Amino acid sequence: MSRERFFNKKYEYLTLAQAIEITGATPYGEVDLQARIYDVATLEKASSQQISFFHSGSYFEKFLATKAGFCLIEEKNADRSPAGINILLHKNPYFAYAKIAASFYEEKPHEYSESLIDSSAKIGDGTKIAPNAFVGKNVQIGKNCIIGPSASIMQGSIIGDNCIINANATIAFSIIGNNCIIYAGARIGQDGFGFAHQSGINHKIIQIGIVEIGDDVEVGANCCIDRGAIENTIIMDGTKLDNLNQIGHNVSIGKGSVLAGCSAIAGSTKIGNFVQVGGKSSVGGHISIGDGVKIAGMSGVMRDIEPMQIVAGIPSMPIKQWHRLNIALANMIKKKGV
Amino acid sequence: MSRERFFNKKYEYLTLAQAIEITGATPYGEVDLQARIYDVATLEKASSQQISFFHSGSYFEKFLATKAGFCLIEEKNADRSPAGINILLHKNPYFAYAKIAASFYEEKPHEYSESLIDSSAKIGDGTKIAPNAFVGKNVQIGKNCIIGPSASIMQGSIIGDNCIINANATIAFSIIGNNCIIYAGARIGQDGFGFAHQSGINHKIIQIGIVEIGDDVEVGANCCIDRGAIENTIIMDGTKLDNLNQIGHNVSIGKGSVLAGCSAIAGSTKIGNFVQVGGKSSVGGHISIGDGVKIAGMSGVMRDIEPMQIVAGIPSMPIKQWHRLNIALANMIKKKGV
Amino acid sequence: MSRERFFNKKYEYLTLAQAIEITGATPYGEVDLQARIYDVATLEKASSQQISFFHSGSYFEKFLATKAGFCLIEEKNADRSPAGINILLHKNPYFAYAKIAASFYEEKPHEYSESLIDSSAKIGDGTKIAPNAFVGKNVQIGKNCIIGPSASIMQGSIIGDNCIINANATIAFSIIGNNCIIYAGARIGQDGFGFAHQSGINHKIIQIGIVEIGDDVEVGANCCIDRGAIENTIIMDGTKLDNLNQIGHNVSIGKGSVLAGCSAIAGSTKIGNFVQVGGKSSVGGHISIGDGVKIAGMSGVMRDIEPMQIVAGIPSMPIKQWHRLNIALANMIKKKGV
């Protein structure tokens, strides 16, 4: 499983008693303190041996449907809990989750040898590597790739066949398919911007997802793609990102989508297949954009969009409404003669 | 000619018969299948021995005036063709053009020696190069330049005298004048974001223009300047770009212009002399901005602007109108008391 | 004092006569031509032995209160000058200041040895440096830091203990505290975007401030933080910047603030403690944002904001007004039925 390539798991499991000690949480109702928690997971993906957390109203349906065996929640939500879960009460479930995640996982330590290409790296036939590129521990690079000068392929990353990683790009915590082009200065796989605010301090939350990139993907110059917080950040086959795009943690972008320059997709947003995003547009976090949607340039999307819609404006609206709005505003200042 | 520095031309010419075979286009009217096509070019620049394409209504006037000997167009435009051109009909003229361009040209292959400074590079007197900078094949660097650590000067690029290329910058497919400062992490010369969409796939279009930068130009940290698709991307003397600007392919920016941080100029837009672009502003593609125009910060320009105008807003309007609009909107929510 | 780490001071002092010769300014009233000017400074910080400049109405109060011994101003402001200052009249005080500053200061010249880690650099115990990282002259790096591949730590910079400087980042003209994480491709310390426009030319103004970063600060991937023009650019303890942020020269950001991705703070703006800036937001220059302010994503702030306010929109307004505005606009296009 990909997580083990990049992270050390420090414990096979924590007992519920240990989880309580680590977090300072309070068990709700009767619990078995010797029950074993084997991992952290999202509400959607957690199994009966895993712990999740519920901290935001927008995830209430997922909370009701979760198969997690353990869940950190606020006290106010206790009586809305589905049955059969070991509930742990905490004022700040996200912060408590962060403590559990950091107990389970740590990034594999950075280790540099004197060699630019670590002896453990596997490099496919026909791959050309510039003389000052860095290829870290346990990296795998396929056949017929080109790795540009000062490119940094950090430990554990996997790159498929026929890829071009241009000069000065950085790849970390990533698994990249075939025939991809990563442009100069792109930053792929740094940990997402995840903090739990507690007592006036922004506590870093270990980001244990990676970046998964399909085949035939292009990532433009100086783009940034953060790795996932728990699940992975995903860019599917054939999707093309222009320069200076920002892709937050846990974002998923479907197949054949095209994002023009300077676009930003905030964390946990899902973008469908064959979506077109105009330049300088933004999509807020935790939003779902359907297949075939077109977002006009310079727009700001703040809510879900159904498939095949065309939207524009900040906040975005159907493009016909936006045209009407612009005409109405132009008329308004004409009439007013202010 | 600059194109030959960076690209191999694989054929001196293609016959019209070959072009038809490569593209699957249908000749319109009577044509000489043995006629020779020596190159691809834009509608504006093409000569009688060159092939161009017409695929968007906004280029109709250029289509009527073209001196191209050969042109790829959609069938619906056939009877509006000017006389004296060999017309080739195709459902997707841009995609057909892409096939012809890729038949003529290929990027010179990346070749890395063991040396960081290729033996074929010419370096002027007094130029200082950091110990881990990369200087590729056939690069020319003038006198008294400074090339920072991990800067990557890719094959064929030319840099004038007294230039500073700061750390971790990337220069490719570029010809840069004298007294320029390229800041850390700037990316100059990657291929523009050019795709022809055909049968659900985004087909890459070979970008055979370069980046031409005049004298006394500054390019801010982490800016991106794409090279041209057919013609060159041009930044003229004395123009200054702040950090994180995005300059699309085929853009031309005149002399003495100033673009504040995080601005984006989409592809094929022409910006005049002494233009001021405020921070976080965007200018859409295929737009013309006159000399002396001032664009307020955070604006979005979606149409041509006459010289000396001052504009603001998204979409942009004369700044006085924008002030009136803001007052009117403020009054509206006061009155409504919603 | 930090300025001497990075700049050479060429003269201990200039006489007023020399300053007049350098700038072409005209003394106003009676002055002592042999009076000594020991340095340049802002109106706020200048002492009786230092020269400042007043060029913009928004600084009028600071001009009235200045303790500067010497000040460059436009003739139209001469009779509003406070008493006891040697006043120099110039059509373009900012340009005249630039000439004085450039007479006093120059950046220490770039010097590269053959070694990637300069022999004068001091590296703390337990610090790991990637084999192709660059560490310049007189750099100081604390204990237990990690310096990634192709990171460039330019001459004179100081980095505290337990910092991570990720791959391909650039640090120059900077003093960084403990426990900081600088992400891949961040650019810290390049000179700000400062030009004095004179006779159709954008004259570069030497930027003699540095970047000061406190403890526990994070700077996201491909962020840019310019160094100060005269005073320093400052990021205080515990502040976190997401990816692709642009921080202009002389900006000050307080403690515990959080800026989401693609935000831009223009020059000389002051941001308080525990401020939250949403993604893709912009704050104009010379603005003051109070403690605890929240700026919604995709907003554009164009004026000062009192502490604890929540704002949204372009231009920004209290978020409740912005919601009302959006409802009113939606109603307007419904009613109009345009």
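Do we find a residue being assigned to a helix (DSSP H, G or I) and closer than 30 Å to C:I171 by Cα anywhere in the stretch C:6-13?
yes
Any residue at all in the stretch C:158-178 that is on the phi > 0 side of the Ramachandran plot and hydrophobic (A, V, I, L, M, F, W, C)?
yes
Identify the residue in the stretch A:103-146 that is part of a strand (DSSP E or B) and touching a Lys or Arg at 6+ places or on another chain (Cβ under 8 Å) and, among all such residues, is nearest to the other protein chains (Cβ to nearest Cβ).
Across the stretch A:103-146, the extreme among qualifying residues is A:I146.
List every residue pair whose Cβ atoms lie under 9 Å apart, where the two residues are 6 or more positions apart in sequence or sit on different chains, the first residue falls within the stretch A:229-246 and is within 25 Å of B:A266 (Cβ to Cβ), and the second residue, located anywhere, is at pLDDT below 95 and in a strand (DSSP E or B).
A:G238/B:I201; A:G238/B:N202; A:T239/B:N202; A:K240/B:F195; A:K240/B:N202; A:K240/B:K204
Scan the stretch A:147-157 for residues that are among the small types (G, A, S) and part of a loop (DSSP other than H, G, I, E, B) and jot them down.
Listed by number, the residues that qualify are A:G148, A:S150, A:A151, A:G156, A:S157.
Where the second residue is surrounded by 23 or more Cβ atoms within 10 Å (Cβ to Cβ) and among the acidic types (D, E) and the first is within 12 Å of B:I165 (Cβ to Cβ) and more than 9 Å from chain A (Cβ to nearest Cβ) and lies in the stretch B:176-191, which pairs have Cβ atoms under 6 Å and are six or more apart or on separate chains?
Taking only residues 6 or more apart or on different chains, the pairs are B:I181/B:E218.
Residue by residue, here is whether (1) touching a Ser or Thr at 6+ places or on another chain (Cβ under 6 Å); (2) at the interface with another protein chain (Cβ under 8 Å from one of its Cβ atoms); (3) not hydrophobic (A, V, I, L, M, F, W, C) holds:
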| site | (1), (2), (3) |
| --- | --- |
| C:S288 | no, no, yes |
| C:G292 | no, no, yes |
| C:V301 | yes, no, no |
| C:I310 | no, no, no |
| C:S316 | yes, no, yes |
| C:I327 | no, yes, no |
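Need pairs with beta-carbon distance below 9 Å; first residue at the interface with chain C (Cβ under 10 Å from one of its Cβ atoms) and within the stretch A:265-286, second surrounded by fewer than 24 Cβ atoms within 10 Å (Cβ to Cβ) and charged (D, E, K, R); sequence gap 6+ or separate chains.
If the second residue must be surrounded by fewer than 24 Cβ atoms within 10 Å (Cβ to Cβ) and charged (D, E, K, R), the pairs left are A:G284/A:R303.
Give the stretch A:171-190 a look and list any residue that's open to solvent by 10 Å² or more (accessible area, probe 1.4 Å) and either under 15 Å from B:Q190 (Cα atoms) or at pLDDT below 95 (or both), or say none.
The answer is A:I181, A:Y183.
Only residues that are away from every other protein chain (no Cβ under 11 Å) and open to solvent by less than 30 Å² (accessible area, probe 1.4 Å): list them for the stretch C:147-158, please.
Passing the criteria: C:G156, C:S157.
Among the residues of the stretch B:273-287, which ones are buried (at least 17 other Cβ atoms within 10 Å of the Cβ) and not β-branched (V, I, T)?
B:N273, B:F274, B:Q276, B:G278, B:G279, B:K280, B:S281, B:S282, B:G284, B:G285
Of all residues in the stretch C:41-67, count the ones that are under 19 Å from C:K91 (Cα atoms) and touching a helix residue (DSSP H, G or I) at 6+ places or on another chain (Cβ under 7 Å).
Total satisfying the criteria: 5.
Please give the number of the condition C:N222 fails out of (1) in contact (Cβ under 8 Å) with a residue 24 or more places away in the chain; (2) under 30 Å from B:K255 (Cα atoms); (3) polar (S, T, N, Q); (4) open to solvent by 20 Å² or more (accessible area, probe 1.4 Å).
So the condition that C:N222 fails would be (4).
Tell me which of these C:I208 doesn't satisfy, since it passes every other one: (1) open to solvent by 10 Å² or more (accessible area, probe 1.4 Å); (2) within 30 Å of C:N8 (Cβ to Cβ).
Unmet condition: (1).
Would you please name the residue that is surrounded by the fewest Cβ atoms within 10 Å (Cβ to Cβ), looking only at residues in the stretch B:254-271 that are part of a loop (DSSP other than H, G, I, E, B) and either within 15 Å of the chain's Cα centre (by Cα) or among the basic types (K, R) (or both)?
Within the stretch B:254-271, the match that is surrounded by the fewest Cβ atoms within 10 Å (Cβ to Cβ) is B:K255.
What's the number of the only condition in (1) closer than 22 Å to C:Q321 by Cβ; (2) surrounded by fewer than 21 Cβ atoms within 10 Å (Cβ to Cβ); (3) within 14 Å of chain C (Cβ to nearest Cβ) that B:Q321 fails to meet?
It is condition (3) that B:Q321 fails.
Give just the number: which of (1) in a loop (DSSP other than H, G, I, E, B); (2) away from chain A (no Cβ under 14 Å) does C:E212 not satisfy?
Single failed check for C:E212: (1).
How many of the residues in the stretch C:113-135 are open to solvent by 50 Å² or more (accessible area, probe 1.4 Å) and not polar (S, T, N, Q)?
Qualifying residue count for the region: 7.
Among the residues of the stretch A:235-253 satisfying the criterion of being surrounded by fewer than 22 Cβ atoms within 10 Å (Cβ to Cβ) and under 21 Å from A:H286 (Cα atoms), which is nearest to the other protein chains (Cβ to nearest Cβ)?
Selected residue: A:M236.
Quick one: which residue in C:N138, C:N168, C:N162, C:N144 is open to solvent by 30 Å² or more (accessible area, probe 1.4 Å) and closer than 22 Å to C:R227 by Cβ?
Of C:N138, C:N168, C:N162, C:N144, the one residue that is open to solvent by 30 Å² or more (accessible area, probe 1.4 Å) and closer than 22 Å to C:R227 by Cβ is C:N138.
The values are calculated or read from the model by the stated rules, or taken from the named source; none is laboratory data. These figures come from a predicted structure and were not determined experimentally. Neighbour counts are summed over all protein chains in view; Cβ atoms, including those assigned to glycine, are modelled from backbone coordinates with ideal geometry. Side chains included, ligands, DNA and RNA excluded: accessible areas come from the protein's heavy atoms. Shrake-Rupley method; radii C 1.70, N 1.55, O 1.52, S 1.80 Å.
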